[in-house]
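Working notes for the structure below.
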Amino acid sequence: MARPYRSVLYIPAANARAMDKARDLPADAIIFDLEDAVSPEQKSAAREGLGQALAQDYGPRARILRINALATEWGRDDALACAGALAGLVDAVLIPKVDGPADLDAVAELIPDTALWAMMETPLGMLNAGAIAAHPRLQGMVMGTNDLAKDLGTRFRADRLPMMAGLGLCLLAARAHGVTIVDGVFNAFKDEDGLRAECEQGRDMGFDGKTLIHPAQLAIANAAFAPTEVEIALARRQIEAFDQATAQGKGVAVVDGRIVENLHVATARATLDRADAIAAMAQ
C-alpha cells in the first residue's frame with residue numbers, strides 16, 4: 001500500500017514551535033526546510049537543532065528534510081548531517097534546484113542510504129526531467145513553481161498556463177519511472193477558493209498531492225487529492241461488474257452505460273488502494 005502524499009507541509013527548520021505543532025497536524029508529509037525558510041544567519045543553528053525535533057514522534061507522517069544546495073556554503077554540512085547525526089531520523093532528503101542527474105549523484109555520494117527527492121524548479125530541470133526521474137536513488141519530485149515562474153519571467157495566471165509545459169514534463173517523467181510527484185505551493189494561503197481550484201487542477205492533471213505553506217491549507221488539499229465517496233463506489237461497481245463479465249467469458253463489462261476494460265479495473269483498484277492508504281493514515 002503506497003503512502004499518500006496529499007498534503008506536504010513546509011515547516012521552517014529554525015522554528016521549534018512550528019515543528020512541535022506539526023506532530024499533530026493532519027499532513028501526510030512534512031518538509032523540514034533548511035533552505036528558503038531559514039535565514040543565512042540561522043542555518044547552522046537550525047541544522048544543529050534538528051536532531052531533537054526529528055527524534056519526536058511524528059506518527060505516520062513522512063519526514064522530508066530540504067537541505068541547501070551543495071553549491072552554497074551550507075549544503076555540504078547539511079548533507080553530512082543527514083548521513084551522520086540525522087541518519088535514520090528522516091525518510092527522504094529533498095535537494096533544491098536539481099538541474100540534472102549529476103546534482104543527485106553529488107548528494108548521493110554524501111548520503112549513502114536515505115531516499116532522495118528533487119525540487120523541480122529550473123528550466124534546465126524541466127528539460128532533464130526524464131533523466132532526473134530515472135535516477136536510481138530518486139523517490140519523489142516536488143514542483144517549485146515560484147522559482148520556475150521567476151526564471152521563466154511569467155505573469156501570474158489563475159489557470160497556470162505558463163506552468164503547463166514544465167508541470168506536464170515532470171508529470172510524464174514521474175509516471176514513466178514510478179516516482180511520487182507533488183504540485184507546487186499556492187501562495188495566497190487565505191484564499192480558500194483559489195487553493196481549492198488549484199488543488200483540483202493538480203489532481204485532474206495527475207499529481208499525488210500539493211505542497212503547502214500554512215496549516216490552514218491542509219483540509220482542502222487532503223480533500224482534493226483523496227478519492228470521493230462517489231469515486232470509491234464507482235470503483236467497486238466496476239471491479240464487480242468486470243469480475244462477473246470475466247466469469248461469463250466476456251472481455252468487457254458495462255457500468256452506467258460505459259465500457260469497463262482491464263485498464264479501467266486497474267484504475268479502480270488503484271482508487272481503492274489509495275482510499276485504504278488514506279484511511280490507514282487516520283488510525
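Just the number, please: percent antiparallel of the DSSP beta bridges in the chain, rounded to the nearest 5.
On the way: 3 of 33 bridges.
Given both bridge residues lie in the chain, the antiparallel proportion sits at roughly 10 percent.
So for each of 254-261, 206-213, 127-134 I average, over its residues, the number of other beta carbons within 10 Å; can you give me the resulting order with the highest mean first? Before the final figure, lay out the partial values.
Numbers: 254-261: 12.0, 206-213: 23.5, 127-134: 19.1.
So the order, starting with the most tightly packed, is 206-213, 127-134, 254-261.
Report, in whole Å, the centroid distance computed from the Cα atoms of region 2-22 and region 67-100.
With region 2-22 and region 67-100 each reduced to a Cα centre, they are spaced 17 Å.
Give, in nm to one decimal, the length gained when the segment between residue 48 and residue 213 is fully stretched (0.36 nm per residue of separation minus the Cα-Cα distance). If you can, show how the numbers build up before the last one.
Details: separation 165, 0.36 × 165 = 59.40 nm, distance 2.31 nm.
The span from residue 48 to residue 213 would gain 57.1 nm if fully extended.
Based solely on C-alpha atoms, express the radius of gyration and the Dmax of region 92-154 in angstrom.
Reported Rg and Dmax, both Å: 11.3, 38.
Sort largest first and round to whole Å: the equivalent ellipsoid semi-axes of region 55-116, each the square root of five times a Cα gyration tensor eigenvalue. It would help to have the intermediate numbers written out before the result.
On the way: eigenvalues 82, 29, 21 Å².
Over the Cα atoms of region 55-116, the ellipsoid semi-axes are 20, 12, 10 Å.
Label residue 172 and residue 252 with points 7 Å out from Cα along Cα→Cβ: what is the distance between them in nm?
Result for the modelled spin labels: 2.8 nm.
How long, wide and thick is region 216-279, going by the Cα atoms along their three principal axes, in whole angstroms, largest first?
So the three principal-axis extents are 51, 22, 15 Å.
Figure the gain on full extension for residue 39 and residue 187 (residue separation times 0.36 nm, minus the Cα-Cα span) and round it to one decimal in nm. Write out the running numbers ahead of the final one.
Values: separation 148, 0.36 × 148 = 53.28 nm, distance 1.93 nm.
Using 0.36 nm per residue and subtracting the Cα-Cα distance, I get 51.4 nm.
If a/c stays under 1.5 just call it rounded; otherwise compare a/b with b/c (prolate if a/b is bigger, oblate if not). Do that for region 7-224, with a ≥ b ≥ c from the square roots of the Cα gyration tensor eigenvalues. Kindly include the intermediate steps, with their values, before the conclusion.
Values: a/c = 1.61, a/b = 1.18, b/c = 1.36.
Verdict is oblate for region 7-224.
Taken together, the values in this text are just the output of simple stated rules run on the coordinates, not laboratory data. Keep in mind it's a predicted model, so treat the numbers as computed, not measured. As a convention, Cβ positions derive from the backbone with ideal geometry for all residues, glycine included, and neighbour counts pool all protein chains shown.
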